[in-house]
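Down below is the structure, laid out as C-alpha cells.
Read-outs: derived from the displayed coordinates by stated rules, not from any lab. Nothing here was measured: the structure is a model prediction, and the numbers come from that model. So basically every Cβ, Gly included, is an ideal-geometry build from the backbone, and we count neighbours across all protein chains shown.
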Amino acid sequence: MGATSLAFKVYLILGFELAVLYGSAFFIIHQCKKAFYANSTFLGIAFAEAINPNRQTDICIVQNKVTTRIFFWLLLFAIISLWTASAFIIFSSSLIQFVFMNLSAIGYGSLIGLIIIDMDENDGMTGLKGATLTTAAMFILTSVSGINFANLIFVSIVIFLIFILIFWELIALIRGISRAAQKIKAVIGIVIFSMALLVSIDMVNVSSDQGLNDWNTAIDLAFSIYIDIINLILRFIDAMG
C-alpha cells in the first residue's frame, strides 16, 4: 500500500509537469504554424517556407536580433528555473520547488517548441515521439524486468558516463565538433539518460521500501525523472537535427 501511495504521488506530480512541458511545446509549435500560414509573426518572430529532402513543407524561423534575443532569454529562464527548483531540494521547500518546476516546464517546453520549428519540424516531431516512446519503454522495462537499476554499481556507471558526456560537451563547446560527431554524441546521450531514467524510476520503489511516503520525497523523485526526460527529449532532437 505504501509503495502504491508513494508511486501515486510521484506520478501525479510527474504527469502534471509533463503535461505542462508538452503542452507548452505544442502551443508554441501551433502558434508558429498559425503565424506562418497567416503571413504574420509570433513574439516578433518571422517565418519563411522551405522544402525538405522528403518534399515536405518546412517552416523556417527568420534569423535576426529579435530571434536571437528570444532564444537567449527563454533558455536563461528555463535554466534558472530548473536550477532554482534543484536548489530548493536542499531546503525541502516543496511548494516553492513545485512552482519552479512548473516554470522550468513552461520554459523548456517553449524552448523545445521553438527548436522544433527552427529545425525541420518534421524531424523535430519525430525526435519528440522517439523520446516519448523511449520514456515509456524505460517505465515498462523497470516494471517487467525485476532488476533493481538503483543498485550501487549501475548508479556509479551512470554517474561516470554522465561526467564523461559533460566533459565531451565542454570540449565540443570550446573546440567545435563535426555534425557526424554531434550525432554520435547525441545518440550516446540518449543511451546514458535512458540508463539514468531507469535509476530514477527504480528509486521510487527503493524510497518506498525505506518507509518514505511524503510529498517532499515524491516531489524530489518526480523532479529526478522529469530532468532525465528533458535530457532525453533534447538529445533526440539533437540527433534528428
- Task: Obtain the radius of gyration and the Kirkwood radius of region 112-241 from its C-alpha atoms and give Rg over Rh.
- Result: 1.02
- Query: Amide H neighbours of residue 47 under 5 Å, counting only residues 5+ apart in sequence or on other chains, H built in-plane at 1.01 Å?
  - Reply: 62
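Order these peptides, 143-149, 221-227, by their mean beta-carbon neighbour count within 10 angstrom, highest first. Walk me through the numbers on the way to the answer.
Details: 143-149: 11.9, 221-227: 23.4.
Descending packing order for the listed peptides: 221-227, 143-149.
Count the net charge of all other residues whose Cβ sits under 13 Å from the Cβ of residue 71, scoring Lys and Arg as +1 and Asp and Glu as -1. Please list the in-between numbers first.
Working: positive: 65, 69; negative: 118.
Value of the local net charge: +1.
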- Report, as a whole number in µm² per second, the diffusion coefficient that Stokes-Einstein gives for region 91-165 at 20 °C and 1.002 mPa s using the Kirkwood radius over alpha carbon pairs. 137
- Note on the structure: Given backbone amide H placed at 1.01 Å from N, residues whose amide H is under 5 Å from that of residue 58, ignoring those fewer than 5 places away on the same chain, are 50, 51, 52
- Once phi is turned into θ = phi - 60°, what whole-Hz ³J(HN,Hα) does the Karplus curve with 6.51, -1.76 and 1.60 give for every residue of region 108-119, x standing for Gly and Pro? 5, x, 5, 5, 4, x, 5, 4, 4, 5, 5, 8
- Where the centroid of each part is defined by its Cα atoms, how far is region 177-241 from region 94-115 in Å? 16
- If you plug each phi of region 154-171 into the Karplus form 6.51 cos²θ - 1.76 cosθ + 1.60 with θ = phi - 60°, what whole-Hz ³J(HN,Hα) values come out, in order, with x for Gly and Pro? 5, 4, 4, 5, 4, 4, 4, 5, 5, 5, 4, 5, 4, 4, 4, 4, 5, 4
- Task: Relative to the longest principal axis of the C-alpha atoms of the chain, give the angle of the C-alpha long axis of helix 215-240, reported between 0 and 90° and rounded to the nearest 10°.
- Result: 40
